[in-house]
Every structure is written in C-alpha cells, then in structure tokens.
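Have a look at the structure below, then the notes.
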Amino acid sequence: MSITADGPAKDPLITDDWHVSTRIYRDPSIFARELVTVFHRTWVFVAHETEIPEPGDYRTAYLGRQPVIVNRSADTGRINVMFNRCRHRGSQVCQRETGNANFFRCAYHGWTYSSSGELTGVPFDDGYAEFDKSAMGLVHVPRVESYRGFVFASLDAAVPPLPDYLGNARRYLDFIAGIGDGGPELVSRAHKLVYRGNWKLQIENTIDPYHFSFTHKSWLDILKDRTGKSSPWVKNVRTNPDWRGIDLGNGHAVHEYGRLEDAGENAHAIAIGELIPFNLNIFPSLAFVGAHLRLVVPRSVDETWVYLYPLLPRGADAETRARILRDHEIFYGPAGFGSTDDIEVGFDRVTQGNEASASAADFTLMARGLHREVVDEETGVRIGRSSDEVPQRAYLRRWLELMEAGA
C-alpha cells in the first residue's frame, strides 16, 4: 500500500522488493503529510542537558517545522519545552539560539513571559474588558522526557514512554552517555549546513558505509599520502563480519564497526570514528557519527538544515578536547572534506537526478542485501553486511508505517 497527502495512491511509494518512489523526496504533499504523521507523532530530540545546565539557560529548536524553546525554569530548574510563539499575535518571543533569561519579551507588542512560560506583563492591559493572564502563557509541548541527558519532546500526548520508544537503541545511547568521565558535553555549539534537498537524504547517508570509498575518495587519498598506506575501509566494508548494519526496530538503526559487546577502552580513543564505534540513527532525525551528534531539521520538501555538534567527553583534558574539535573541523566543518562531498554528491546530485520524474525508472533501489538479511533469534533485529541497506530500510519501513497509519 502507498499514500499521498490525499490518501491511498495508485502507485506504491515503496514496493515489497524495495523499489522506492522518488516522490517521497520531491512531492510537497508528501512532505506536508510526513510533518504530521512522522514529526508530530514520535519523540524528537530537542537538546542535551549540558546545553542548558543552569536555571534560566535556554536554546531554541524545532519539532518538525514548529519552533520551540527548550529551557530550565529560572526558579525551579525544571526543563520546559514551549512553543516559541507569543499568545497575542504569534511573533516568536525568543530569537537567539542560546542564552540565559529570566523572562521572554515579545518585541512586537511587549508581552512578557516568565522562564516557565507564564504571562507576566501586558502593556496597556486596560484595552481588554476581561483578561485572564493565567490562561495566556506560552503553550507547553504535551510530552517532554529525558534519557541519559538527551531531551526529547513530542506533540503527541499519547506517545509511548521514551524508553519504550528507544527500544533496542537504548544500549547504544547508554554507551554514548558513558563516554569520558560522566558522559558527553555539547558545549562547543554546532557546525550548521543547509542543502537544497529532502531531509531523508541525510538520514540515509548518515548510516551508509557503502558510499564512503567513492564519495570520500579524495579524503582516503589524502590519508594514504600522509601515512603511506591504503585505507582498510574497502576491505572491511566488503569482508569484515563485525562491520554490520542492524535494524533496531521503531525506525532506529545502527552500523557497528566491531561488535559493541567487544568494545573496550580502545573504543574511547579520541579520533573520528573511534570515540563511538558505531553510527546510530534515532528515528526520525537524530544521529551519532564518530565523535559528533547530528540533528536533521526539515524545512521544506527541498531544503534541510543539519546541525553537527562535537561530543566532548567530560573530564577530558584540554589537548584531547582540542583534538576532537580539530578532527571534527577537518572532516565535517565548512572547509572540511566530508560534509562538502556529501552535499554535492549525496544530496545535490541526487536531488537533481530525481527531477527526471518522467523516466520509466522513477525510483531508487533499496534492496541491497535483502536476500541475505538475518534475524537475530534472541532480539528479533534484522542484521546485514556493512554495505547492505538494512539501516535505510529500517527507517523507511517505520516511515511508511506511520504514513499509512495517518492516511
């Protein structure tokens, strides 16, 4: 079965043999629908607690396209997630990405709210015959929960508890939460990139070792020149049984660079791909790669914002923290080798190619490794080889379930 914004469609979006219609990347009606069926009905990552450690600290974020404020109340220290929208005429009340404030004042007409969202000031309030300030505070998002310092929010009051939603992905978040001396810190702000393409392209790319040897060949060539040795990447992707992609359920997926249960102290070595010995997607828009947290924000069917936050282990010395930042800049920064390759080859060219919608082959193929997937008898998760598209099918399978449920 398939759907469009108006209900069941004649042509399937995803077939049983995993031909995926390019409409899911370029149809504005599908994008409008997935904002509701996906981003309004799941848990969405909005902040890490280390970004708002003190009372009054805040950061702005998005639930799909809806702007929110994530903060700690100045008086109680409670974590709030509130819509960034004045109750008078709808202007955003908080413009900066981060800061500390005891109140939020709308610049349009001066309505003022406490850090907990209560309406505390209305200029010229004699203009209202009857006015109940207590009923006009900033609106809080229905559900907010934190798991090991990772703060999620949901627009669905009936969404399952966050630990249940995370399911098999929890053991990987637990690993990340245990790095360093007390977990990671997101204190260095983020590199930000914008590309003219669909948000799902970044999700697919994040957990795709198959592309690395080709898209990032220039980087591998540089490493070879520096070390005098060819990268073992291609061999590992093709033959290493401990490099594997796993469908964790609920749309979450992981690619392990060695089995997690075998990860020892060496797994915490500070270098790209070694701080965390796996790539992890948390459905729908959170990911972890190497030594950074990646947050994907959909803006339109063909515009996506991506935030890349270096993960700095608490307790690490200045040299170690600096090395993480320099490694992050070299590969993921605006003048780096990784993100620039991905944007041009993985996003721009794919978006341009998908404009060939009159083609008889108006689909992408996500069937790689389908014939050799295995199901773990103990956990029930699907497992494939490193170059297989098990992780991509994981998120698309859940995406389609939600889209069909909302049809």
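Against the list (1) free of Cβ contacts under 8 Å to residues at least 40 places away in the same chain; (2) open to solvent by less than 30 Å² (accessible area, probe 1.4 Å), the condition H48 fails is (1).
Could you tell me whether any residue of region 256-266 is surrounded by 12 or more Cβ atoms within 10 Å (Cβ to Cβ) and touching a residue at least 40 places away in the same chain (Cβ under 8 Å)? Yes: region 256-266 contains one or more residues that are surrounded by 12 or more Cβ atoms within 10 Å (Cβ to Cβ) and touching a residue at least 40 places away in the same chain (Cβ under 8 Å). Scanning region 187-197 for residues that are part of a loop (DSSP other than H, G, I, E, B) and either surrounded by 14 or more Cβ atoms within 10 Å (Cβ to Cβ) or under 17 Å from the mean Cα position of the chain (by Cα) (or both) turns up V187, S188, R189, A190, G197. Contact map, region 219-237: residues that are over 22 Å from H255 (Cα atoms) paired with residues that are open to solvent by 40 Å² or more (accessible area, probe 1.4 Å) and in a helix (DSSP H, G or I), Cβ distance under 6 Å, separation 6+ or inter-chain. Pairs shown: S230/K224. Listed by first and then second residue, the pairs with beta-carbon distance under 8 Å, at least 6 apart or on different chains, first residue in region 204-215 and modelled with pLDDT of 90 or more, second open to solvent by less than 20 Å² (accessible area, probe 1.4 Å) and among the acidic types (D, E), are N205/D342. Pairing each residue of region 329-341 that is assigned by the TED database to the domain that holds V194 with any residue that is part of a loop (DSSP other than H, G, I, E, B) and open to solvent by 30 Å² or more (accessible area, probe 1.4 Å), provided the two are 6+ apart or on different chains, yields C-beta distances under 6 Å for F331/I272; F331/F337. Selection of helices (runs of 4 or more DSSP H) fully inside region 298-387 by the criterion of at least 3 residues being open to solvent by 20 Å² or more (accessible area, probe 1.4 Å) and modelled with pLDDT of 90 or more returns 318-332, 349-353. Is it the case, given these coordinates, that E261 is charged (D, E, K, R), modelled with pLDDT of 70 or more and more than 30 Å from R23 (Cα to Cα)? Considered against the rule, which asks whether it is charged (D, E, K, R), modelled with pLDDT of 70 or more and more than 30 Å from R23 (Cα to Cα), E261 comes out as yes. Restricted to helices (runs of 4 or more DSSP H) entirely inside region 198-251, those with at least 3 residues that are crowded, with 18+ Cβ neighbours inside 10 Å and within 20 Å of the chain's Cα centre (by Cα) are 199-206. Listed by position, the strands (runs of 3 or more DSSP E) enclosed by region 1-87 that each have at least 1 residues that are modelled with pLDDT of 95 or more and of a type in the set (D, E, K, R) are 57-63, 66-72.
The values are calculated or read from the model by the stated rules, or taken from the named source; none is laboratory data. In this text the structure is predicted, and so the values were computed from the model without any measurement. Using ideal geometry, Cβ is built from the backbone for each residue, glycine included, and neighbour counts are taken over all protein chains shown. Protein only, heavy atoms only, side chains kept; ligands, DNA and RNA dropped before computing areas. Shrake-Rupley method; radii C 1.70, N 1.55, O 1.52, S 1.80 Å.
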